[in-house]
Every structure is written in structure tokens, then in C-alpha cells.
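Just below is one structure, and these are the notes that go with it.
Every read-out reported here was derived from the displayed coordinates using simple, explicitly stated rules and does not represent laboratory data. Predicted model only: the values in this text are computed from it and were never measured. In this analysis, Cβ positions are derived from the backbone assuming ideal geometry, glycine residues included, and neighbour counts consider all displayed protein chains.
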Amino acid sequence: MALAKAIENIFPQRRKRRVLPGFGLSLGFTVFYLSLIVLTPVSMLFLKTFDLTWAQFYGSITSARVLASFRLSFGTAFAAASVNIIFGVLLAWTLVRYDFPGKRIVDAFVDLPFALPTAVAGITLTTLYAGNGWFGQYLEIFGIRVDYTPLGITVALIFIGLPFVVRTVQPVLEAMELDVEEAAASLGAHRWYIVSRIIFPTIRPAALTGFALAFARTLGEYGSVVFIAGNMPMKTEISTLLIITRLEQYDYPGATAIAVTMLVASFILLLIINVLQARINRKASSV
Amino acid sequence: MIGLQYAAGKLPEHDLMVTRSSRLSEPRWVRWIVIGISLLFVVVFLAVPLALVFVKAFEKGTEAYFMAVTTPDALAAIKLTLLTAAIAVPLNVVFGISAAWLIAKFNFPGKNVLTTLIDLPFTVSPVISGMLFVLLFGLQGVFGRWLDEHNVKIIFAVPGIVLSTIFVTFPFVARELIPIMQLSGTEEEEAAVVLGASGWKTFFKVTLPNIKWGLMYGIIVCNARAMGEFGAVSVVSGHIRGATNTIPLQAEILYNEYHITAAFSVASLLTFLAVVTLIIKKVAEIKIRRQASTTNSQSFTGTL
Amino acid sequence: MSIAVRHLTKKFNGFTAVDDVSFNVETGELIAILGPSGSGKSTLLRIIAGLEIPNTGEIHLTGIETTLSSPQERNVGFVFQHYALFKHMTLYENIAFALKVRKVSRSEITERVNELLELVQLKGLEHRYPSQISGGQRQRVAVARALAARPRVLLLDEPFGALDAKVREELRKWILQLHEQTHVTTLFVTHDQHEALEIANKIFVMNKGRIEQEGTPREIFDRPLTPFVAEFVGESNFIEAEVSEPHLVRWGPINFSVNGYPLREKMRIYFRPNDVYVSSAPEQNHVKATIAKTRFKGPLIELTLHIGEGKHVIAHVPKGVSFTSGFTEGSEVYVGITEYHSFSKS
């Protein structure tokens, strides 16, 4: 008896039970499903990459056509995200701070790109901006060509990426305490000063996160772009289409090479997003 | 300055256009312009495209519409889409609940890694997602030869479509449930456990009612995405008409063959689903907000 | 004996929340665990309920070892600070929960729930939802819910912390009444000393994970055994001085006799404001002082007394006495200290 107590006092860590039930079951199932559905396919990707030598890999992704597609994909994603960060913040501001009839409908609308199949978005936007489309016909008068150009791709990506900025900035705006603004006002600051020196800095991390999310999402976009782009190699061919083309030619290593490059870029973006998110959380709690 | 104006009764007390104290807001004309720009943006980029789908779908009249959505190919596409969703969504719901319970109610090393991994399909391009399955099960893929020998078809067949859809819609329910469950904390579950309830009983009687709106929204969104997935399925399906075409793929084929109206008719089915999704989301949001505010209303003390 | 706790220790990531705690609670007692935030009192309660697993130590409930049993098996009643009522169930369903889990028959459940609703004075409200009743009512439902399955022990974790002062006071009296009716062994955690002093049979004062003193409210208040208890419970003056002569500490004109401390020992001496006796006429062993400040504190007046060269003492005097004796700022009075507790500073 005394011996048991003595042992107990030497090894005090033997009790590791959890109070709420279900830990074992949920951990087991979650990890199992995750491994099966996600980890296995993804690891395949990296395994396949090692089929190539470094030289082959490098050669595969630096052909003129591939580089042109990278320039296009990254460029349009960046442009679209830039547009979205401006209008997304504006829209989030409107939805949080202002009241107007139909506000709820507009708020629900923001999620449309999220809920709509990308292919439907694709054929819709193409029809809209085609030479005889509802918008296209007017734009043509000004000599602006949208379909079959990078501009068209950008328009499609603006559509896809908008909710990411709005939905990231909205909660931050909603959580902002009014008393900070009231304090500034009582100290004599006029409205624009408050907006630019107090409000914008607070939402900046969220806006940047939204930018990064929109960018990452639209980088690999396919369905909404492939109709309006025209898909001319070297001009309006996006990287994802190139991957499909190589797959159809059974050039698995070639397709993999492009995919891995894009994944690495996305991964770096994810990292940036997480760092920014941590920044937001720290700022929110340090008040 | 502003305070004096307010005291002098010069500023209106309740302004239709502002949700917070009008003393602390932008001048009216600024508000009008900002609202105007935002609305214009929404109309141009979101509302008009949505309208276009339905206008184009019914351009040739209601009869043509119904004919377009009931061709054998269209019906096959609808059936396949429904089948895919019927498999992918329940599986992902079970996973989502399991993952949310794990992450929200427990602490353990590696929790962050797990959360990041769950988000992985969300950040990967759909085309790359589909490609992964081709790499695994395609003719030159890891299991390609074995599958060929046993005459099992995954790529260019229904299983491939289902698998890649599961992959792509994998995080949706989990991502929806995790913050909700984290917000509601563990106290109600602890109370149930102390009162004698087993794990399953606690989950069904206490946890589930609290997350029902978030769960509903997660299911709806997961379903919308599962039915509408294009990129991944496009890679994996082989576009075999009548057999491996989902509704989005069918719409693509019709469009590429210049059957514009028919393409939009088919597309309108999923567009309608998207609108329903948005409505349900709004309703769920309102309910969740109401729930959160009553839990926090400890200021209502009233009578003893 | 209802609860026996032996050498309980609980650490979180290197921080020791509960440090080698042992005590006994007899059946039917109403015990308060009193301490500041971070003292480990809530953790201790949760360990007894089974909501935390201790690193070392044992718990016995009514003689049975329950250290490792799950909360479900222990049959203890637990009341949370923020009620933790099931917000999607009516009050009736909340209270009936423990009984439904134990598969009690429908008629028995109805009987018991009605009994409890009567006990907590909420009859007629059973079909409402938690969001529709007040904070004080919610807490009473939480208590009824915890009592439904006739637990052997009732544990309350800062039960009134989230409520208004007036409601708190009334619920305090109500808990006392309830205990007298049900005789359930009750343990409650609080940081509010008035609560503990008012209703508990016995108080365990906790600080930094350890129990500093165990005793009746009287004992805790009148005879603190450690500086912490003296400072935490009730208001205190304290002074620091050396033992300058055998068994004597001088502080200005006041002498404190201390026994058993060597010369030069640094001492801390506590005395309560209501143990400071103030009179307008000189009395034996009293020293002269001037009233520097008076403050109105409801039923009593607080006098800040200046006793020479920067030495001040706070005294509490009943309002009537202060009035009759004419205590005003600047007047000269005579002061004697009727009770004090000395502790060595080391």
C-alpha cells in the first residue's frame, strides 16, 4: 500500500484521461478520413515530382508557353485581387456601417460567387461581355474588348474573389468598438482623420488577408475563366488549362511540374495568410 | 463641435442611413456616394450575371426550357450530379462533425497542423485536385496498371467523379462548424456529463441543437459546391456524354456547341440552387445571431 | 464522512493550480472555499466533480474512492458560474435531464421536477426557456437541475458571481434556506468573503493552490493563522516593526505584546478597524490621537486617526457612538487596540 503510494508520487503523470467523451473516436476517424481523402492524393503529387530530374523539372516549367501562362495567371489574379481589395473594403464598410432598404439582400448576394458553379459563372460572363452581349455591346463602342483578352480573365476573377475580401473584413469592422472613435472625436479629431488613422489601420490586416485569400483562390481558377479567355497559347492561356492539356497528352510529369510550382506559390501565400491572421488576433486581444 | 450641434438639436437623432450614432459618421453626401459605388459594383458584377442566366435560359420560351432539361443527356447529367452529391455530402458531414468536435472541445499537440491540413483542399486549385486523382488512378498512375488488370474504372468513370468531389468539398462542413462549436464553449457539455449523460447522449441532446443552423448551412454549401464542381470533375470525367457528365459539364458541352439557350437552361438548375443556398444562409445567420445574443444577455436581471 | 481529499495536486503546463491539498467534509455541512482569483479554488471544485483529473492525490466520496471515475459515475451536483443551462430546452426539460438519463419513469420525473420547482420557487415557469427568465431565476434552475438526481454532494462554482449585488444577497439567504431543507453536503467556491462568512458552517481559505486555514467563520475572522488570511478576510490595519524589547513591539506610542519571538525579529501585526477602541475621554492604556479624516460608510463611520509622526490607524465606529461622542475631524481622542494578531515577517 505504502509502496504503491510511493510509486504514485514518483510517476505523477500516469493519468491522462479526458473529461468530455469522444476524444479517441473523433481523433481516430478524423485522422483516418483526412489521410485517406487528402493526404494520400497530395503525397502522390510530390512522389510523382521526383520522377523528374531537377533539370527536366526546370525545363518543363520554363518553356515559353508555360512562363507566359504563369505571367497570365499570376498577373490577372493579382489585378483582380487589387480591384477586390478596394471595392471589397468599400462594400464591407457599407454593409456594416450603413443602413438602406435591401441591405440584407445585398449582403446575401456577396456570397453568390461562392455558391454558383464556376462553369455557370464562366458561360454567363462570356455571354455578358461578348461583342453582342448586354455589356459587351456598349464596351465595344468605346473600343474595349473584354472577351478573349486578359481583361476578360480579370473580370471573371474579380467575380470569383470578391466574397473573400468582404467576408474577411466584415467581422473585423463589426467587432470594432465604437468607443475608440468616440474618444478620438472627443479629443478633437474630425471624421476623415478618424477613418484614415484609426479605422483603416485596424482593418488593414484583414484587408490584406482578404487580398491574399482572393489571390490564392483565383490563381488556380479554371471554370469561370476558360470560357471567356479564348485560351490562345502565349496570350490568354491560363496555367490550369495548360495542366489539363498536358494531362490529356499523358505528359503526367509535365503537368505535375506546373502543379507543384503553383502549389508551392499557394503554400507561401497560405503562410502569409496565417501570419496576417495571427496579427489580427493579437491586435484584437491587446485592447 | 459635433457635440454642440447635437445638443442644439441640429442633427437628426435617428438617421435611416446609419447603423450607429449619427454624431460619429461621415457627412451625408459621402455616405450616398459610398453606398452608390458599392451598389453599382454589386449590380454590375453580381446581379446582372445572375439575371442573365435566367433570361437566357427562358429566351426561347418555357416549353423549350423544359425540353432542354429533359433530354436523355441532361437527365443523365442530373442523375449523376445528384448521385455524387448524395455520396459526397453525407460523408463530409460526418467528417465535419467529427473534426469540429475534436478541434473545438479538446486540446492536443498538433491541433494547428490538423486544422491547416483540413483547409488544404480549400486552397488547392480544382484542376490540381482532379489531377491528383488522375495521378493516382489514371492509366499511367500509381494504381493504373492494377486497376486496368482488374477492370476497375475510376478515372473517366463515376467513382473518379465522386472521389474528386469528396476531396474538393471536404473542408466545407468542418470549416463552418468549428468556429460555431468553439464559440459555444464546453460548459453545457460539461454540465450534461456531470448530470450523468454519456458521450452520444450529450452530443445529440446538447451539442447538436446548438449547432443546428451552422450545420444546416454547412450542408447546403457543401451540397452546392458538390453539385457545381467543374474544374476537378472536368479533369477526371473524360466528358463521356450520357455517362460521365455532371450538370456543369453538360452545360459546357452545350455551350461549346453553340446551343446557348439549352446551356443556360441546364445551368439555371444549379443557379436556382445557388440562390436557395444564399437565402438559407441568410436565415441561418439571423438565427445564429439571435442565439448568440440571448446567451450573452446576462444583463437582464429583472426580478429575482 | 462525505468528502475526503488527500494530497491533491493539479498542474497546467507547469503552473501549479492546486498544491497538495487535503481536507475532510462531513455529511450535511455547508462549506465555503474562499480565495482570490487564481487561488485554485475552482480547479479544486472541478476535480471533485470529475471535470479535471488531478496529477496526484485521491478523492473519496461517501467512503468510495472516485479519483479516476468519470463525472457521470460520481453523482455529484454541479452548478456553474454562468449557469450552463441547456438553452434549447425548457426549464422543465433542463431539470428533468439527469432523471431522463437515468431512465426514470415519466410519472416519477414529473413528480420530482414539480417538487424541485416548488423548492426553488419557480413553479409555473417550467415551460419557459432560459433566455426568457432573469439571471437569478436561471441560477435557481441550475441548482434545481443539479439536485434532481439526489446527488450525494452539491458543488457550486462562484454561483452568484455573475449577478447584481442585491440579487446576490437574496440568493445567499436562499441557499442557506435550501441547505437547511435538503441537508445535502454542499461545497461552494467564492471570492466574496461576506458570502463565505455569512452562510458557511466552515470556511477553507485558499491561496496559490494551498489551503491557508480551515475553520468556522468566527475562527477565520477572529483568529487568522497566516498573514494572508488576516489580510484577505475582513479589513485590517497592519504595521511592521521590530521586537525592540523582550516580548514587546513598539509602534509609536502603542505597545504590542508578542510572545515567543527573539529580539530584532521583524514582525507584522494586524488589527481590525472594529477592534480599535476610540473614546473622547482618556482611558488606561490608551494613547492620544487626532482624527485626520472621517468617512461615512453606511452603518458605521470610518475614522482615520493620526498617532504621531506619519502613523495612521483606521477605526470603524458605529454611527450612533460617533455622533454621541462628537467625533469630528481635528478633534482629539484616545485610542486603544483591543485585539491584534502578530506574525513574523520571515
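Just a few scattered comments:
- Seen from every direction in turn and averaged, the convex hull around the alpha carbons of chain C projects onto 21.6 nm².
- Debye log10 I(q)/I(0) for region C:174-278, one point scatterer per Cα, at q = 0.13, 0.18 Å⁻¹: -0.60, -0.93
- Neighbour-count ranking [beta-carbon atoms within 10 angstrom, fewest first] of A:Leu52, C:Leu171: A:Leu52, C:Leu171
- Global dimensions of region A:36-131 from alpha-carbon coordinates: Rg and Dmax equal 20.6, 61 Å.
- A:Trp134/B:Glu257 FRET efficiency (R0 30 Å; Cβ-Cβ; nearest 0.05): 0.85
- C-alpha center-to-center spacing [region C:45-101, region A:129-171] in angstrom: 59 Å
- Residue pairs, from the table C:Lys41/C:Lys123; C:Lys123/C:Lys173; B:Lys287/C:Lys103; C:Lys11/C:Lys103, whose Cα atoms sit over 28 Å apart: C:Lys41/C:Lys123; B:Lys287/C:Lys103; C:Lys11/C:Lys103
- When you filter the GluC sites (Glu not before Pro) in region A:96-188 for DSSP loop state and at most 10 other Cβ atoms inside 10 Å of their Cβ, you are left with A:Glu177.
- Region C:1-142: C-alpha pair distances exceeding 21 Å, %: 53 percent
- Dipole axis of the protein assembly as shown (+1 Lys, Arg; -1 Asp, Glu on Cβ), positive-most option in A:Phe164, A:Met232, A:Thr40: A:Met232
- A straight Cα-to-Cα reach below 20 Å connects C:Lys319 with the lysines C:Lys293, C:Lys297, residues fewer than 8 places away in its own chain not being considered.
- Straight Cα distances below 18 angstrom link B:Lys105 to the aspartates and glutamates B:Glu176, B:Glu187, B:Glu188, B:Glu189, B:Glu190, C:Glu52, with same-chain residues fewer than 8 positions distant left out.
- P(r) of region B:231-289 over all Cα-Cα pairs, binned every 10 Å from zero, in whole percent: 22, 36, 23, 15, 4
- Karplus-derived HN-Hα couplings along region B:136-142 (A = 6.51, B = -1.76, C = 1.60, θ = phi - 60°), whole Hz, x at Gly and Pro: 7, 10, x, 4, 9, x, 4
- Chain A: most fluctuating residue of A:Met176, A:Met232, A:Met44 per GNM, C-alpha cutoff 10 Å: A:Met44
- Most mobile of C:Pro54, C:Pro253, C:Pro224 in a GNM of chain C (Cα contacts under 10 Å): C:Pro253
- Mean separation of Cα contacts under 8 Å (6+ apart) over length of region C:237-344, as relative contact order %: 32 percent
- In the elastic network of chain B, a GNM with C-alpha springs shorter than 10 Å, the most mobile of B:Asn151, B:Asn223, B:Asn210 is B:Asn151.
- Shape annotation for region A:209-284: C-alpha extents along the principal axes are 50, 28, 18 Å, from largest to smallest.
- The protein assembly as shown: radius of gyration and largest Cα-Cα distance (Dmax), Å: 35.9, 115
- Using every pair of separate Cα atoms, the Kirkwood estimate puts the hydrodynamic radius of region C:88-164 at 12.7 angstrom.
- Residue exposure proxy: B:Thr123, B:Thr207, ordered by other Cβ atoms within 10 angstrom of their Cβ from fewest to most, comes out as B:Thr123, B:Thr207.
- The per residue volume of the convex hull around the alpha-carbon atoms of region B:126-202 is 137 Å³.
- Amide H within-cut-off set for C:Val258, under 5 Å, with H built and near neighbours excluded: C:Leu248, C:Val249
- Note on region B:57-198: semi-axes of the ellipsoid equivalent to its C-alpha gyration tensor, largest first and rounded to whole Å, are 37, 25, 14.
- Taking chain A and dividing mean pair separation by its residue count, relative contact order in percent (alpha carbons under 8 Å, at least six apart): 28 percent
- In order along region B:53-60, phi translates into HN-Hα couplings of 3, 6, 4, 5, 5, 9, 4, 9 Hz, rounded to whole numbers, per the Karplus curve 6.51 cos²θ - 1.76 cosθ + 1.60 with θ = phi - 60° and x for Gly and Pro.
- Our coupling estimate for region C:230-243, obtained by passing each phi through the Karplus curve with A = 6.51, B = -1.76, C = 1.60 and θ = phi - 60°, is 4, 7, 6, 8, x, 8, 9, 8, 9, 10, 10, 7, 9, 6 Hz, Gly and Pro reported as x.
- Computing FRET efficiency as 1/(1 + (r/R0)^6) for C:Ser37 and C:Ala4, where r is the C-beta to C-beta distance and R0 is 30 Å, gives about 0.65.
- Normalised convex hull volume, region B:61-292, alpha-carbon set, Å³ per residue: 151 Å³
- Calculated FRET value between C:Thr290 and C:Leu248, using beta carbons and R₀ = 35 Å, to 0.05: 0.90
- Cα-derived Rg to Rh of region C:196-336, Kirkwood definition: 1.01
- All alpha carbon pair distances within region A:58-285 were sorted into 5 Å bins beginning at 0; the resulting P(r) in whole percents reads 1, 7, 12, 15, 16, 15, 11, 9, 7, 4, 2, 1, 0, 0.
- Spacing of the two label points (7 Å from each Cα toward its C-beta) at A:Lys235 and B:Glu187, in nm: 6.5 nm
- Cβ-placed point charges (K, R +1; D, E -1), dipole of region B:84-177 about Cα centre in debye, nearest 20: 180 debye
- Of the residues B:Glu189, C:Glu118, C:Glu158, the one with the fewest other Cβ atoms within 10 Å heads the list, and the complete ranking is C:Glu118, C:Glu158, B:Glu189.
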